[in-house]
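Right, one structure below, let's go through it.
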Amino acid sequence: MKKIAILGASGSIGKTTIQIIKEHQEEFKLVAVSVYSNITYLKELLSEFKTIEVVGVKDLKEVEKYILDYPNVLFYEGNDGLNKVATSNCDLLVNALVGFVGLVPTIEAIKAKIDIALANKETLVVAGKLVTKLAKENNVKIYPIDSEHSAIFQCLESENPIKKVILTASGGPFLNKSFKELETVTVEDALNHPNWKMGKKITIDSATLMNKAFEIVEAKWLFDLKPNQIEVVIHPQSKIHSMVEFRDGSIKAQLGISSMKIPVSYALTYPKRLDDVCESISFTSHLTFDFYPVDTNRFEVIKLAYYGLLKQGTYFAIMNASNEVAVEKFLNKEISFVRIIEIVKETLKAIPIDDEVTLESIIEADKKARVYARRLK
Ligand code: MG
């Protein structure tokens with residue numbers, strides 16, 4: 001039985017992981033979870049999974065009574081809680097945290113030689129160089145959960161190097177809106193993703209295409225690619241999750257319905273596959289596959305990502321931090337949708353990029369960028 005720990009168990013990917021564990025209890029044993037402040041959900045998990053040994057929460061005060069009810073469970077709070085879950089007695093850590101907060105627990109798990117199923121793309125966006133180097137040194141595997149990267153991972157051939165990857169993008173809810181129209185879209189419009197049901201932060205990132213910009217960086221580090229080996233194409237149906245082209249021009253694509261169950265379960269059981277994880281695509285029901293180039297004038301973040309791959313250093317730590325701040329501001333209705341990317345650009349201009357990539361320089365850049373971006377309106 002594979003012992004699983006989950007960071008961000010109460011989020012969208014966390015709950016998908018729990019569902020897979022429930023459906024395959026002969027395969028997995030859930031040993032540790034973090035739930036931030038979703039205590040109601042924690043209560044459900046503790047009563048259902050008697051195997052849980054370690055719990056991370058935002059604040060221990062909120063779980064005082066469970067500490068008495070579950071004498072065999074160790075409870076921790078804050079960042080310490082995340083690190084304790086990450087380094088618990090598990091065979092695989094599912095990191096489904098949202099944002100920069102996922103970085104340090106990933107590093108802690110790598111140091112503890114625990115393999116990682118990674119949904120927290122920000123880890124690789126801000127510190128890809130550091131994290132992949134450390135994983136290599138510690139002989140730790142990082143399995144992608146992001147659907148595009150899972151697709152690429154599923155297409156790989158051990159004997160044949162990648163010529164290039166083609167990341168597909170649904171284009172989000174505003175694919176066909178002009179820049180003028182984007183100025184007046186609401187939070188509700190932005191949260192209404194056409195194909196995927198996800199958490200708020202990633203749904204907004206999908207609407208700005210920041211999510212795709214981050215996925216370019218994620219692909220670079222996961223598959224050791226040069227910027228010109230990563231192509232992005234709009235595929236509104238989200239049926240092809242991404243493609244790999246080999247040196248002879250042959251292209252392999254991975255297809256499936258728009259569900260995170262396949263990427264999550266494949267990361268949990270690689271190289272094995274579980275039975276009947278999802279329903280099949282029906283090829284007889286007027287299925288069409290459309291592809292378009294990305295309009296990088298309207299969605300400038302894609303250009304910013306390629307530029308950042310050339311710059312490196314702390315560029316993406318600044319880009320990510322300012323984006324996290326701006327998305328929060330937008331969700332709180334403090335700024336308009338188009339201001340999100342403007343704030344990111346203004347912060348990138350203002351904060352100097354440090355060429356040295358260490359955990360300290362990344363944390364420092366993240367802090368500075370947050371302080372700066374918070375001031376912007
Ligand atoms: Mg994705």
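General remarks:
- Relative contact order for the stretch 134-280, counting Cα pairs under 8 Å that sit 6 or more residues apart, in percent: 35
- Carbon plus sulfur fraction of accessible area for the stretch 132-255, probe 1.4 Å, in percent: 48
- Peptides ranked, highest mean first, by Cβ atoms within 10 Å: ranges 363-369, 221-227, 134-140: 363-369, 221-227, 134-140
- Taking Cβ atoms as reference points and 13 Å as the exclusive limit, the residues near Asn89 contribute a net charge of +3, counting Lys and Arg as +1 and Asp and Glu as -1.
- Both radii were evaluated on the Cα set of the chain; the Rg over Rh quotient, with Rh as the Kirkwood radius, amounts to 0.95.
- Potential lengthening of the chain between His24 and Ser280 amounts to 90.2 nm, from the contour at 0.36 nm per residue minus the alpha-carbon distance.
- The mean accessible area for residues of the chain, using a 1.4 Å probe and ignoring ligands and nucleic acids, is 46 Å² per residue.
- Between Leu134 and Lys58, the FRET efficiency estimated from the beta carbon spacing at R0 = 35 angstrom works out to 0.80.
- Summing charges over neighbours of Ser150, with a neighbour being any other residue whose Cβ is under 14 Å away from its Cβ, gives +1 when K and R count +1 and D and E count -1.
- Label-point separation, Glu48 to Lys15 (7 Å along Cα→Cβ), nm: 1.1
- Residue-averaged 222 nm ellipticity for the chain, from DSSP H runs of 4+ at -39500 (n - 2.57), nearest 500: -13500 deg cm²/dmol
- Packing-based ranking, highest mean first, of 210-218, 8-16 given that Cβ atoms within 10 Å are counted: 210-218, 8-16
- Within the stretch 184-202, backbone nitrogen closer than 20 Å to the virtual label 7 Å beyond the Cα of Asp295 toward Cβ: 184-187, 189-195
- Between the beta carbons of Thr358 and Asn89, assuming R0 = 22 Å, the FRET efficiency works out to 0.15 to the nearest 0.05.
- Rel. contact order, % - alpha carbon contacts under 8 angstrom, at least six apart, the chain: 15
- Pairs from Lys84/Lys272; Lys121/Lys226; Lys15/Lys200; Lys22/Lys84 whose Cα-Cα separation, in the structure shown, is over 21 Å: Lys84/Lys272; Lys22/Lys84
- Using the Cα coordinates of the stretch 2-144, the gyration tensor eigenvalues translate into equivalent-ellipsoid semi-axes of 24, 16, 13 Å, sorted from longest to shortest.
- Relative contact order computed over the stretch 1-124 (Cα-Cα under 8 Å; 6+ residues apart), in percent: 27
- Extension gain, Leu68 back to Asn195 (0.36 nm per residue minus Cα-Cα distance, nm): 41.4 nm
- Within the listed set Glu356, Glu324, Glu108, the Gaussian network model of the chain (springs between alpha-carbon atoms below 10 Å) gives the highest mean-square fluctuation for Glu356.
- Alpha-carbon centroid distance for the pair the stretch 306-360 / the stretch 76-148, whole angstrom: 22
- Accessible surface of the stretch 312-377, 1.4 Å probe, proportion on carbon and sulfur as whole %: 50
- In this structure, Glu342 and Ser158 have a Cβ-Cβ separation that, at R0 = 35 Å, corresponds to a calculated FRET efficiency of about 0.20.
- If you take all other residues with their beta carbon under 14 Å from the beta carbon of Ala305, and give Lys and Arg +1 and Asp and Glu -1, the sum is 0.
The values are calculated or read from the model by the stated rules, or taken from the named source; none is laboratory data. Here the structure is a predicted model, which is why all the values come from computation and not from measurement. Quick reminder, even Gly has a Cβ in these numbers, built from the backbone with ideal geometry, and neighbours come from all protein chains shown. The protein model used for the area step is the full one, side chains on, heavy atoms only, and it has no ligands, DNA or RNA in it. Shrake-Rupley method; radii C 1.70, N 1.55, O 1.52, S 1.80 Å.
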